[in-house]
1. Find all pairs meeting these conditions: Cβ atoms under 6 angstrom apart; at least six residues apart or on different chains; first residue within the stretch 5-21 and on the phi < 0 side of the Ramachandran plot; second residue assigned to a helix (DSSP H, G or I).
2. Every residue in the stretch 98-136 that is under 28 Å from Gly60 (Cα atoms), without any contact (Cβ under 8 Å) to a residue 60 or more places away in the chain and open to solvent by less than 50 Å² (accessible area, probe 1.4 Å), please.
3. Has the stretch 55-64 got any residue that is touching a strand residue (DSSP E or B) at 6+ places or on another chain (Cβ under 7 Å) and part of a loop (DSSP other than H, G, I, E, B)?
4. Which is part of a loop (DSSP other than H, G, I, E, B) and either closer than 14 Å to Gly140 by Cβ or of a type outside the set (Phe, Trp, Tyr) (or both), of Glu81, Glu32?
5. From the residues in the stretch 21-63 that are among the aliphatic types (A, V, I, L, M) and buried (at least 16 other Cβ atoms within 10 Å of the Cβ), which one is nearest to the chain's Cα centre (by Cα)?
6. Looking at Ser86, Ser103, Ser82, which one is among the small types (Gly, Ala, Ser) and closer than 30 Å to Glu153 by Cα?
Amino acid sequence: SLVADRPDLTEIAMTTYEWAKRQGTSFGWFPEWVGTKHPRDEKCETCCITDMIYIAYLLGRHGRDDYWQDVERFARNHLVESQLKSLPEQEPKPVPPDTLRTSYRDVGARAIGGFAGYSMPNDFLVAGRRHLAGCCGGTGARALFHAWDGTIEKRDDVVRVNMSLS
């Protein structure tokens, strides 16, 4: 709708985005299965956060400046908290040997930088364990890019600072 210059479709996108935003939290946690699970059983994939950041990013890029505050808040408050940055100290355990199809060696250390497959509003852990999903690694990196890319823009020969991210 933004590319086609169809304000009616942009209005539908904004209405849908606002509905989706009300399903989550103000800081960027969004349930994956809206309406199909009991709220206490909901979890948030990083993909859900990314979708919300990307829609707000697109709206911001096309002149809807009030959406930049959503990009900043969601990225700062839940996206970066959904990235695995370190592992707790663990006692070494016997590790099975790698096979042609499975690797067990340093799996935790190799997952650093990945994003939560499921997170809770206040915790990376779900049911006492970390859960990384392959899709979330790529989408989390994309959300970081869009947040960073949206910090500064040049529009109509004016340089604008949309957000303060470091």
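1. Tyr17/Ile55
2. Gly113, Gly114 - these are the residues of the stretch 98-136 that are under 28 Å from Gly60 (Cα atoms), without any contact (Cβ under 8 Å) to a residue 60 or more places away in the chain and open to solvent by less than 50 Å² (accessible area, probe 1.4 Å).
3. The answer is no; no qualifying residue exists.
4. Numbers: Glu81 fails: part of a loop (DSSP other than H, G, I, E, B).
Being part of a loop (DSSP other than H, G, I, E, B) and either closer than 14 Å to Gly140 by Cβ or of a type outside the set (Phe, Trp, Tyr) (or both) holds for just one of Glu81, Glu32, which is Glu32.
5. Narrowing the stretch 21-63 to residues among the aliphatic types (A, V, I, L, M): 34, 49, 52-53, 55-56, 58-59.
Right, trim to buried (at least 16 other Cβ atoms within 10 Å of the Cβ) and you get 49, 52-53, 55-56, 58-59.
Values: Ile49: 3, Met52: 8, Ile53: 7, Ile55: 12, Ala56: 12, Leu58: 15, Leu59: 17 Å.
Taking the candidates together, the pick is Ile49.
6. Details: Ser86 fails: closer than 30 Å to Glu153 by Cα; Ser103 fails: closer than 30 Å to Glu153 by Cα.
So the residue among Ser86, Ser103, Ser82 that is among the small types (Gly, Ala, Ser) and closer than 30 Å to Glu153 by Cα is Ser82.
The values are calculated or read from the model by the stated rules, or taken from the named source; none is laboratory data. Not measured: the values here are computed from a predicted model. Quick reminder, even Gly has a Cβ in these numbers, built from the backbone with ideal geometry, and neighbours come from all protein chains shown. When the accessible area is computed, the model is the full protein with side chains, heavy atoms only, and any ligands, DNA or RNA have been set aside. Shrake-Rupley method; radii C 1.70, N 1.55, O 1.52, S 1.80 Å.
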